[in-house]
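Visitor: Sharing a structure here in structure tokens format.
The values are calculated or read from the model by the stated rules, or taken from the named source; none is laboratory data. Everything quoted here is computed from the prediction, not taken from an experiment. FYI the Cβ positions are ideal-geometry reconstructions off the backbone, even for glycines, and counts take in every protein chain you see. Heavy atoms of the whole protein, side chains included, go into the accessibility calculation; ligands, DNA and RNA do not. Shrake-Rupley method; radii C 1.70, N 1.55, O 1.52, S 1.80 Å.
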Amino acid sequence: MKQSKTLIPTLKETPADADTSSHKWLLRAGYIRQNFSGVYSFLPLGKRVLDKIEAIVREEMDNIGANEVLMPALQSADLWKETERWDKMGEELIRLHDRHGREFVLGPTHEEIVTSLIRDEVKSYKKLPLTLYQIQTKFRDERRPRFGLLRGREFIMKDGYSFHDTDEGLDQGYQEMYQAYCRIFERLGLNFRAVIADSGAMGGKDTHEFMALAEVGEDTIAFSTESDYAANIETAEVLDIYEVSTEEQKPLAKVETPNQKTMQEVADFLNHSLDQGMKSLLFKVDEDYVLVVTRGDHEVNEIKLKNHLHAKEVTLVDEEKSLELMKTGFGSLGPIGVSDEIKVICDLAVRSLANASCGANEDGVHYINVNPSRDLPDVEYADLRFIKEGDRSPDGKGIIKFTEGIEIGQVFKLGKFYAEKLGANYLNQQGKAETVTMGCYGIGISRVMAAIVEQYHDDKGITWPTHLAPYQIHLLVLNHKKAEQRELADQIYQQLTEAGFEVLYDDRDERAGVKFADSDLIGIPYRITVGKKASDGIVECKIRQSNEQDERHESELLDYFRELF
Ligand code: ATP
Ligand code: MG
């Protein structure tokens with residue numbers, strides 16, 4: 001492609017709203033343009049990269065026998081009401097209606113549509129298992145669209161769905177998809193990890209997220225220093241390995257703690273360490289109120305709480321409500337003597353505390369010498385806290401460390417949740433009606449493009465892995481006005497293009513400095529520069545990632561690139 005004939009609007013300055021490396025470089029190098037917050041156009045270079053990513057995904061999906069389909073973005077609200085996601089998805093779901101007042105949604109994902117398709121078209125076990133996938137545009141009214149392609153309101157996803165007649169079949173389908181995802185992300189050159197993820201309280205069992213490691217990642221991954229254990233901290237289990245204190249139990253006593261509100265203030269005032277205090281937080285869990293107690297140095301993980309109680313919604317109550325229910329503000333909440341209306345649950349670490357302190361449910365008063373085995377005989381214990389760096393790994397091997405990641409994909413054993421809601425039944429071998437069981441599998445195609453740029457850039461621009469770059473070779477003619485340069489460049493362009501290479505030819509009437517800067521920005525892996533030595537047939541070849549450069553005779557180029565690709 002001749003650069004004079006395409007649209008690559010590079011920018012000298014970084015746009016003010018570009019908040020991550022990928023956002024900045026994709027804008028500056030002319031791959032994408034924002035239409036409005038969270039919505040982008042892919043320009044010619046961006047479209048070429050998308051196509052290459054999609055080709056790899058399609059190949060690996062086809063390899064495991066998945067079938068490509070294309071389902072609509074515009075979906076009837078009725079299906080979403082049947083699965084109750086019309087309510088559950090809240091404001092993230094984009095809703096609209098037609099001229100007759102009928103309601104629709106712009107699909108954020110396709111479980112409803114695909115399950116209704118299977119319900120209508122698959123009537124016998126003979127058709128199972130079946131895996132369908134598509135590469136298609138999704139819509140989500142994200143609370144905070146940001147980071148360019150990483151969190152958009154309109155984005156491209158590969159979503160796949162497998163349908164099975166047995167749990168073993170689902171396990172196998174899940175494994176095959178998991179392996180295919182590993183191959184896809186390896187082929188995309190991403191530094192990634194598959195991590196155990198949260199499957200929620202409603203239906204569904206196993207699930208893994210695939211995380212591209214990157215500083216801008218919005219997810220935190222807990223991993224072991226000595227094994228391949230890795231989990232999203234949302235879900236990472238904490239081992240119950242606390243040693244029960246052998247300290248002699250002292251008598252429970254109340255002490256005045258005027259104006260000591262935070263855990264640290266109380267600990268300092270009572271002259272003990274943070275982990276000798278008990279922290280109590282009051283939550284509204286669906287229609288009930290629950291007091292959750294952790295050690296002073298631990299944080300409540302609301303997802304674990306929600307899952308433990310099989311709840312739909314968990315929110316921290318405000319101080320006013322705390323005063324109404326517990327007769328005390330946040331600073332002095334505690335689990336001793338709480339009325340029966342409020343359930344108390346303690347994190348596992350609380351059980352082994354000895355002579356600890358906690359709020360006494362009177363403003364400015366705390367209990368000291370609290371011994372849970374004696375003073376909280378009836379409370380429930382559960383794993384409710386976030387894992388911390390330095391904790392033992394849940395698989396018993398090594399110590400936990402944290403790293404940041406971008407969720408690029410997820411595989412999920414959904415089970416029968418959607419099939420039951422939508423009545424997707426088939427006849428088994430005995431002619432009896434059964435409900436299908438299913439898995440769902442997503443890859444954020446446009447997010448992947450940004451994740452690759454997060455991992456492949458330097459201070460001049462993008463440094464694409466060879467097979468994902470929009471073109472393989474960037475051919476520059478330094479002085480377009482000089483006939484010998486122009487003629488040699490034209491000849492090389494024709495020769496390489498005819499040999500099947502993808503060449504972007506900078507034939508513009510621009511200064512050499514502009515051409516070099518744009519070339520570095522765009523990040524095509526190999527560059528040929530035709531300059532002063534054109535009359536001798538000598539050109540300069542440069543590798544974008546390593547900066548290696550050398551001179552070659554134009555007659556060697558074909559063999560050189562044939563060897564490289
Ligand atoms: P997140 O937790 O980041 O919001 P999610 O878990 O809601 O993502 P899924 O429903 O699992 O996302 O969607 C499958 C894939 O689609 C994700 O793994 C991610 O790569 C991609 N994706 C999700 N939301 C967005 C978005 N707003 N913009 C771009 N890609 C997205
Ligand atoms: Mg996800």
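Visitor: Could you identify the single residue in 319, 299, 324 that is surrounded by fewer than 22 Cβ atoms within 10 Å (Cβ to Cβ) and touching a Gly at 6+ places or on another chain (Cβ under 6 Å)?
Guide: Working: 299 fails: touching a Gly at 6+ places or on another chain (Cβ under 6 Å); 324 fails: touching a Gly at 6+ places or on another chain (Cβ under 6 Å).
So the residue among 319, 299, 324 that is surrounded by fewer than 22 Cβ atoms within 10 Å (Cβ to Cβ) and touching a Gly at 6+ places or on another chain (Cβ under 6 Å) is 319.
Visitor: Among (1) surrounded by fewer than 18 Cβ atoms within 10 Å (Cβ to Cβ); (2) at pLDDT below 95; (3) among the aliphatic types (A, V, I, L, M), there is one condition residue 39 misses while meeting the rest; what is its number?
Guide: (2) is the only condition that residue 39 fails.
Visitor: Suppose we keep only residues that are open to solvent by 80 Å² or more (accessible area, probe 1.4 Å) and of a type outside the set (S, T, N, Q) within segment 511-555. Which one would you say is farthest from residue 28 (Cα to Cα)?
Guide: So the residue we want is 536.
Visitor: Next up: Taking the condition of being closer than 25 Å to residue 486 by Cβ and either outside any loop (DSSP other than H, G, I, E, B) or in contact with a Pro (Cβ under 8 Å, 6 or more places away or on another chain) (or both), how many residues in segment 2-50 meet it?
Guide: 10
Visitor: Hey, any hits in segment 245-257 for a residue that's open to solvent by less than 40 Å² (accessible area, probe 1.4 Å) and within 30 Å of residue 221 (Cα to Cα)?
Guide: No, segment 245-257 contains no residue that is open to solvent by less than 40 Å² (accessible area, probe 1.4 Å) and within 30 Å of residue 221 (Cα to Cα).
Visitor: Now for a separate question. Every residue in segment 448-464 that is in contact (Cβ under 8 Å) with a residue 40 or more places away in the chain and open to solvent by 10 Å² or more (accessible area, probe 1.4 Å), please. Working first, answer last.
Guide: So in segment 448-464, the residues in contact (Cβ under 8 Å) with a residue 40 or more places away in the chain come out as 448-457, 460-464.
Answer for segment 448-464, where residues must be in contact (Cβ under 8 Å) with a residue 40 or more places away in the chain and open to solvent by 10 Å² or more (accessible area, probe 1.4 Å): 454, 455, 456, 457, 460, 463.
Visitor: Every residue in segment 536-553 that is closer than 18 Å to residue 468 by Cα and in contact (Cβ under 8 Å) with a residue 24 or more places away in the chain, please.
Guide: Those that are closer than 18 Å to residue 468 by Cα and in contact (Cβ under 8 Å) with a residue 24 or more places away in the chain: 544, 545.
Visitor: Only residues that are surrounded by fewer than 24 Cβ atoms within 10 Å (Cβ to Cβ) and in contact (Cβ under 8 Å) with a residue 40 or more places away in the chain: list them for segment 141-154, please. If you could, list the steps in order and put the result at the bottom.
Guide: So the first thing to find is which residues in segment 141-154 are surrounded by fewer than 24 Cβ atoms within 10 Å (Cβ to Cβ), and the list is 141-147, 151, 153-154.
If the condition is that a residue be surrounded by fewer than 24 Cβ atoms within 10 Å (Cβ to Cβ) and in contact (Cβ under 8 Å) with a residue 40 or more places away in the chain, then 141, 142, 143, 145, 146, 147, 151, 153, 154 are the ones that fit.
Visitor: Which fully enclosed strands (runs of 3 or more DSSP E) of segment 109-206 have 2 or more residues being closer than 26 Å to residue 96 by Cβ, at pLDDT 95 or above and under 22 Å from the mean Cα position of the chain (by Cα)? Show your work before the answer.
Guide: Values: elements: 130-139, 154-164, 192-196.
Per the criteria, 130-139, 154-164.
Visitor: Give the residues of segment 497-510 that are open to solvent by 30 Å² or more (accessible area, probe 1.4 Å) and in a loop (DSSP other than H, G, I, E, B), sorted by residue number. Quick ask: steps written out before the conclusion?
Guide: Our first condition is that a residue be open to solvent by 30 Å² or more (accessible area, probe 1.4 Å); within segment 497-510, this holds for 497-500, 502, 508-510.
Result: 499, 500, 502, 508, 509, 510.
Visitor: Taking the conditions exactly as written (among the β-branched types (Val, Ile, Thr), part of a strand (DSSP E or B) and touching a Gly at 6+ places or on another chain (Cβ under 6 Å)), does residue 345 satisfy them or not? Before the answer, list the steps.
Guide: Values: among the β-branched types (Val, Ile, Thr): yes; part of a strand (DSSP E or B): yes; touching a Gly at 6+ places or on another chain (Cβ under 6 Å): no.
Criteria not met by residue 345.
Visitor: Shifting gears a bit: Look at residue 387 and say whether it is more than 16 Å from ligand 2 (Cβ to nearest atom), of a type in the set (A, V, I, L, M, F, W, C) and either touching a Phe, Trp or Tyr at 6+ places or on another chain (Cβ under 6 Å) or at pLDDT 95 or above (or both). Give the derivation first.
Guide: Working: more than 16 Å from ligand 2 (Cβ to nearest atom): yes; of a type in the set (A, V, I, L, M, F, W, C): yes; either touching a Phe, Trp or Tyr at 6+ places or on another chain (Cβ under 6 Å) or at pLDDT 95 or above (or both): yes.
Yes.
Visitor: Something else now. For residues that are touching an Asp or Glu at 6+ places or on another chain (Cβ under 9 Å), open to solvent by less than 30 Å² (accessible area, probe 1.4 Å) and not acidic (Asp, Glu), tally how many sit in segment 337-357. Let's see the steps before the verdict.
Guide: Initial filter on segment 337-357 (touching an Asp or Glu at 6+ places or on another chain (Cβ under 9 Å)): 341-349, 351-356.
Subsequent filtering for residues that are open to solvent by less than 30 Å² (accessible area, probe 1.4 Å) retains 342, 344-349, 352-356.
Add one more test, that the residue is not acidic (Asp, Glu), and what stays is 342, 344-346, 348-349, 352-356.
Looking only at that region, the number is 11.
Visitor: Here's something else I'd like to know. Among the candidates 85, 119, 183, single out the residue that is under 30 Å from residue 406 (Cβ atoms), more than 14 Å from ligand 1 (Cβ to nearest atom) and among the basic types (Lys, Arg).
Guide: Working: 85 fails: more than 14 Å from ligand 1 (Cβ to nearest atom); 119 fails: under 30 Å from residue 406 (Cβ atoms).
Just a single option satisfies the conditions, and that option is 183.
Visitor: When you go through (1) within 16 Å of ligand 1 (Cβ to nearest atom); (2) closer than 17 Å to residue 405 by Cα one by one for residue 144, which number turns out not to apply?
Guide: (2)
Visitor: Here's another thing I want to ask about it. I want to confirm something. Restricting to segment 427-447 and keeping residues that are surrounded by fewer than 21 Cβ atoms within 10 Å (Cβ to Cβ) and assigned to a strand (DSSP E or B), which single residue is nearest to ligand 1 (Cβ to nearest atom)? Please lay out each step first, then the result.
Guide: First, pick out the residues of segment 427-447 that are surrounded by fewer than 21 Cβ atoms within 10 Å (Cβ to Cβ): 427-435.
With the extra rule that they be assigned to a strand (DSSP E or B), the set shrinks to 427, 433-435.
Values: 427: 32, 433: 30, 434: 27, 435: 23 Å.
Among those that are surrounded by fewer than 21 Cβ atoms within 10 Å (Cβ to Cβ) and assigned to a strand (DSSP E or B), it is 435.
Visitor: Going through segment 319-334 one residue at a time, which ones are among the small types (Gly, Ala, Ser), outside any helix (DSSP H, G or I) and more than 21 Å from residue 372 (Cα to Cα)? Lay out the reasoning, then the answer.
Guide: The initial filter retains those residues of segment 319-334 that are among the small types (Gly, Ala, Ser), namely 322, 329, 331-332, 334.
Now restrict to residues that are outside any helix (DSSP H, G or I): 329, 334.
329 - this is the single residue of segment 319-334 that is among the small types (Gly, Ala, Ser), outside any helix (DSSP H, G or I) and more than 21 Å from residue 372 (Cα to Cα).
Visitor: Filter segment 114-140 for residues that are open to solvent by less than 30 Å² (accessible area, probe 1.4 Å), in contact (Cβ under 8 Å) with a residue 60 or more places away in the chain and hydrophobic (A, V, I, L, M, F, W, C) and give the result.
Guide: 118, 122, 128, 132, 135
Visitor: Still on this structure, I have one more. Being part of a helix (DSSP H, G or I) and open to solvent by 40 Å² or more (accessible area, probe 1.4 Å) is the filter; apply it to segment 401-421 and report the residue that is farthest from ligand 2 (Cβ to nearest atom). Walk me through how you get there before you give the answer.
Guide: Going residue by residue through segment 401-421, those that are part of a helix (DSSP H, G or I) are 417-421.
Now drop any that are not open to solvent by 40 Å² or more (accessible area, probe 1.4 Å), which leaves 417, 420-421.
Numbers: 417: 16, 420: 22, 421: 20 Å.
Ranking the qualifying residues of segment 401-421, first place goes to 420.
Visitor: Could you identify the single residue in 235, 220, 246 that is within 30 Å of residue 359 (Cβ to Cβ) and more than 16 Å from ligand 2 (Cβ to nearest atom)?
Guide: None of the others qualify; the one that does is 246.
Visitor: Sticking with this structure for a sec: Kindly indicate whether any position in segment 398-406 is over 22 Å from the mean Cα position of the chain (by Cα) and in contact (Cβ under 8 Å) with a residue 40 or more places away in the chain. Give the derivation first.
Guide: Initially, segment 398-406 is screened for residues over 22 Å from the mean Cα position of the chain (by Cα), giving 398-399.
If we keep only those that are in contact (Cβ under 8 Å) with a residue 40 or more places away in the chain as well, we get 398-399.
Yes.
Visitor: Quick one: in segment 473-486, which of the residues that are touching a helix residue (DSSP H, G or I) at 6+ places or on another chain (Cβ under 8 Å) and farther than 19 Å from residue 544 by Cα is most open to solvent (accessible area, probe 1.4 Å)?
Guide: Our first condition is that a residue be touching a helix residue (DSSP H, G or I) at 6+ places or on another chain (Cβ under 8 Å); within segment 473-486, this holds for 473-480, 482, 484-485.
The next check asks that each one be farther than 19 Å from residue 544 by Cα; those that pass are 479-480, 482, 484-485.
Numbers: 479: 56, 480: 53, 482: 95, 484: 78, 485: 10 Å².
Among those that are touching a helix residue (DSSP H, G or I) at 6+ places or on another chain (Cβ under 8 Å) and farther than 19 Å from residue 544 by Cα, it is 482.
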